[in-house]
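> Attaching a single structure in structure tokens format; questions to follow.
Throughout, read-outs are computed from the coordinates displayed, never taken from laboratory work. Everything quoted here is computed from the prediction, not taken from an experiment. Using ideal geometry, Cβ is built from the backbone for each residue, glycine included, and neighbour counts are taken over all protein chains shown.
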């Protein structure tokens with residue numbers, strides 16, 4: 001009997017874990033964006049002294065973990081599990097970082113939804129009594145993602161207005177069984193939703209149905225209303241995805257616009273030529289662990305619905321004519337129990 | 001989950017409503033101007049080689065070689081993609097764009113080695129172009145051979 | 001005068017490609033393949049020669065001209081060598097451009113590294 005389950009897709013934690021620290025590293029472009037003051041470390045050079053961007057991304061992942069350990073005054077041996085993933089084939093950034101970190105590791109792939117996938121599973125591990133400390137972490141890198149999913153960097157192509165800019169960065173969160181909050185009180189795990197979008201340059205449209213589905217399910221499962229939240233934040237819908245999501249929700253009777261923000265829109269300035277906004281697994285990770293945690297600590301927001309969103313795109317399936325499925329996992333972050 | 005065609009169509013209509021349209025007029029004008037300018041650079045070299053006494057055919061070959069060199073060089077020094085950002089088709093369609101499509105993946109993938117990285121990936125786009133171009137020309141040749 | 005003609009012809013060919021990209025979401029690779037095939041067909045029909053007469057380099061520099069060279073090369077070789085020309089003509093006529101692309105492409109990829117984008 002799953003006594004902690006609420007409704008169809010949500011869990012309510014009995015002993016909600018505390019978010020005790022968040023660590024972030026971002027690339028130079030993100031470091032010029034409006035949230036620059038909230039990041040722990042800004043790279044001057046996005047190769048991070050490595051021979052390839054893949055190595056640079058893995059090093060960012062590793063250092064985000066080291067950074068968050070330092071902030072929480074913990075050692076890696078204190079950590080029961082690392083839950084990490086990234087966008088690259090065989091999640092090499094996370095796996096190769098874990099090779100150095102020497103910690104029990106669950107590798108995750110949820111595309112850009114990986115941050116809340118890791119936090120959900122981590123919170124379950126802690127509430128289930130299987131762990132006292134877990135780290136959830138994820139990374140992405142513009143230059144590794146471009147070559148895997150799109151075009152070589154030096155190819156002279158035009159990026160359409162619907163396209164998004166993959167965030168270079170890594171973010172890590174430590175959850176603990178004891179602490180004074182902010183707590184993860186609920187988690188709604190999303191379904192893979194696909195309404196037939198095929199344009200790899202329009203991820204917002206591919207993800208919006210999954211995002212809407214998870215948000216609506218969350219409200220139905222928990223009985224919460226929009227008024228219960230100070231902020232509802234998605235991972236990387238971008239400007240195009242935001243507009244679609246707001247309309248989908250409005251049609252179902254949820255007008256969240258006044259409470260709504262999107263990490264992909266917040267992380268870059270419109271003058272930074274990123275078209276629809278930021279994207280990538282690190283997009284939600286660095287905004288959550290940088291900007292949002294500090295806002296919560298400063299009392300600006302007391303209860304937040306945070307949902308990382310992923311477009312489950314693969315160049316192989318795309319070339320075979322498959323559409324792009326989306327997924328979104330939501331967690332409730334609250335300063336009180 | 002079963003595919004719901006009606007729902008997909010409904011969603012497509014919503015999604016399309018919010019899709020920012022490309023700045024067609026601006027894009028076309030830029031493509032026209034840049035494509036025209038690249039052609040003029042070609043014309044300059046064509047006139048130059050003709051004035052040096054090369055035959056039309058040889059001069060055209062030399063122009064191709066020169067333009068391919070320029071396209072490859074500008075890609076190498078990281079300028080061609082900046083041109084492509086505003087020129088669109090204006091820098092894709094000329095033969096310099098063909099060179100760009102060869103050098104850019106070769107540079108990008110050389111970290112995966114010089115055989116399966118650089119040398120194999122350089123034909124990602126050029127390969128299909130040669131396959132379809134040559135195959136079409138052979139079909140044309142066969143038709144010509146039997147009809148002439 | 002030939003500069004103006006080349007500018008207009010080359011510009012027009014690129015502008016048509018841009019409309020195709022923006023209206024149909026054709027990728028750059030597909031545009032190039034379409035153009036080289038179309039160029040070969042127009043060359044085979046003898047139409048493309050007229051465009052070159054008008055536009056000079058404006059018609060030979062775009063990839064349509066590459067397709068045209070392939071077709072013209074094959075036709076000339078068939079006239080000279082018969083059936084074997086079907087297979088030798090196209091690449092012979094375009095050998096300069098292709099060899100240059102392969103060689104310079106490889107050399108520049110050795111010398112230069114891709115730069116991250118801002």
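> For the range C:40-58, give me the residue count where each residue is more than 8 Å from every other protein chain (Cβ to nearest Cβ) and assigned to a helix (DSSP H, G or I).
Adding up the residues that qualify gives 8.
> How many residues, within the range A:19-41, are surrounded by fewer than 18 Cβ atoms within 10 Å (Cβ to Cβ) and over 11 Å from residue A:169 (Cβ atoms)?
Residues meeting the conditions: 4.
> Among the residues in the range B:26-44, are any farther than 30 Å from residue C:115 by Cβ and surrounded by fewer than 23 Cβ atoms within 10 Å (Cβ to Cβ)?
Checked the range B:26-44: no residue is farther than 30 Å from residue C:115 by Cβ and surrounded by fewer than 23 Cβ atoms within 10 Å (Cβ to Cβ).
> Please go through the range B:26-63 and give me each residue that is assigned to a helix (DSSP H, G or I), more than 7 Å from chain C (Cβ to nearest Cβ) and farther than 20 Å from residue C:1 by Cα, ordered by number.
The answer is B:26, B:29, B:30, B:57, B:58, B:62.
> Hey, another quick one. Those residues that are part of a helix (DSSP H, G or I) and touching a strand residue (DSSP E or B) at 6+ places or on another chain (Cβ under 7 Å), I need them from the range A:73-96; list them, please.
A:78, A:91, A:93, A:94, A:95
> Here's a check for you: in the range C:1-15, which residue that is in a helix (DSSP H, G or I) and more than 8 Å from every other protein chain (Cβ to nearest Cβ) is surrounded by the most Cβ atoms within 10 Å (Cβ to Cβ)?
Among those that are in a helix (DSSP H, G or I) and more than 8 Å from every other protein chain (Cβ to nearest Cβ), it is C:5.
> Looking only at the range B:108-118, decide whether some residue is in contact with a helix residue (DSSP H, G or I) (Cβ under 8 Å, 6 or more places away or on another chain), within 8 Å of chain A (Cβ to nearest Cβ) and surrounded by 24 or more Cβ atoms within 10 Å (Cβ to Cβ).
Scanning the range B:108-118 turns up at least one residue that is in contact with a helix residue (DSSP H, G or I) (Cβ under 8 Å, 6 or more places away or on another chain), within 8 Å of chain A (Cβ to nearest Cβ) and surrounded by 24 or more Cβ atoms within 10 Å (Cβ to Cβ).
> Residue A:50 passes all but one of (1) more than 18 Å from the chain's Cα centre (by Cα); (2) in contact (Cβ under 8 Å) with a residue 24 or more places away in the chain; (3) farther than 18 Å from residue A:263 by Cβ; which number fails?
Just one mismatch for residue A:50, condition (2).
Conditions (1) without any contact (Cβ under 8 Å) to a residue 12 or more places away in the chain; (2) part of a helix (DSSP H, G or I); (3) facing chain B (nearest Cβ under 8 Å), marked per residue:
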| position | (1), (2), (3) |
| --- | --- |
| C:77 | no, yes, yes |
| C:87 | yes, yes, yes |
| C:97 | no, yes, yes |
| C:115 | yes, no, yes |
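> Now a separate question. Looking at (1) within 21 Å of residue A:108 (Cα to Cα); (2) in a helix (DSSP H, G or I), which is the one condition that is false for residue A:70?
Looking at each condition in turn, residue A:70 falls short on (1).
> May I pose another question? Among the residues of the range A:76-95, which ones are within 21 Å of the chain's Cα centre (by Cα) and without any contact (Cβ under 8 Å) to a residue 40 or more places away in the chain?
A:90, A:91, A:92, A:95 - these are the residues of the range A:76-95 that are within 21 Å of the chain's Cα centre (by Cα) and without any contact (Cβ under 8 Å) to a residue 40 or more places away in the chain.
> So is residue A:324 part of a strand (DSSP E or B) and touching a helix residue (DSSP H, G or I) at 6+ places or on another chain (Cβ under 7 Å) or not?
Considered against the rule, which asks whether it is part of a strand (DSSP E or B) and touching a helix residue (DSSP H, G or I) at 6+ places or on another chain (Cβ under 7 Å), residue A:324 comes out as no.
> Considering only the range A:177-236, state which residues are away from chain B (no Cβ under 14 Å), buried (at least 18 other Cβ atoms within 10 Å of the Cβ) and on the phi > 0 side of the Ramachandran plot.
A:181
> Taking the range A:129-159 as the region of interest, how many residues are farther than 30 Å from residue A:15 by Cα and assigned to a loop (DSSP other than H, G, I, E, B)?
Total satisfying the criteria: 11.
> Here's another thing I want to ask about it. Taking into account only those residues within the range A:135-169 that are under 19 Å from the mean Cα position of the chain (by Cα) and free of Cβ contacts under 8 Å to residues at least 60 places away in the same chain, which is surrounded by the fewest Cβ atoms within 10 Å (Cβ to Cβ)?
A:146
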